[in-house]
Amino acid sequence: MKPGESGFRRSRAGAHSQIAAFPDEQRFRRFLRPALAEARRAARSGDVPVGAVVVRGNRVIARGRNRRELDADPVAHAEIVALAAAARRLESWRLGGCTVVVTLEPCPMCLAACQLARVDRVVYGAADPKGGAISLGYALHADPRLNHRFEVDEARDLGCAEILRAFFKKRRSLAGSGTGSGSLPSRRARGS
């Protein structure tokens with residue numbers, strides 16, 4: 001796959017395979033839209049723009065976005081927020097039959113949370129070579145030592161990567177202009 005192309009990849013045992021036919025690609029592309037809307041909401045609140053939705057059947061049953069800065073919570077990643085909302089909605093921590101669609105490759109913590117929630121599948125829109133579980137070799141979803149395994153697919157989507165690029169470009173320009181440190185102010189400093 002050339003840079004800038006879109007396509008699906010299926011992750012098997014921690015390594016990306018060649019692009020293969022993905023039978024329900026269009027279905028999951030449709031669910032990336034609401035996940036991207038959540039990512040935009042995260043950016044507006046000063047958080048890294050990552051959004052997630054939990055899908056069951058053909059419906060979005062829960063949404064989440066990064067809220068680490070907003071809530072001063074180190075584990076308030078989009079996937080964690082969406083999984084918690086789905087569990088409340090279904091009144092069960094077991095989320096079998098659910099798919100998590102997220103704009104950025106899950107970190108090891110979030111992939112582990114998906115494993116613990118017993119989701120059927122995770123689909124992400126942009127790889128994260130420095131923080132993504134699959135990219136770093138943490139194939140929790142495929143580890144035979146664990147009691148639950150599930151599919152992970154990369155739905156390479158340019159919109160998911162672009163929103164992150166724009167966010168960090170803006171942050172770097174603020175840091176370089178002397179108007180800020182480039183890092184986000186704490187809630188206390190923002191008056192929240």
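Key figures
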read-out	value
Rounded to whole Hz, the Karplus (6.51, -1.76, 1.60) HN-Hα couplings of the range 143-151, x for glycine and proline	6, x, 6, 8, 7, 9, 10, 8, 7
Accessible-area composition of the range 122-178, carbon plus sulfur, in percent [1.4 Å probe]	56
L174-E91 pseudo-label distance in nm [points 7 Å out on the Cα-to-Cβ vector]	4.3
Cα-projected label distance for R149 with A37, points at 7 Å along beta-carbon direction, nm	3.6
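The values are calculated or read from the model by the stated rules, or taken from the named source; none is laboratory data. Remember, it's a predicted structure, so these values are computed and weren't measured experimentally. Glycine also receives a Cβ, built like all others from the backbone with ideal geometry; neighbour counts cover every protein chain displayed. Surface areas here come from the heavy atoms of the whole protein model, side chains and all, with no ligands, DNA or RNA. Shrake-Rupley method; radii C 1.70, N 1.55, O 1.52, S 1.80 Å.
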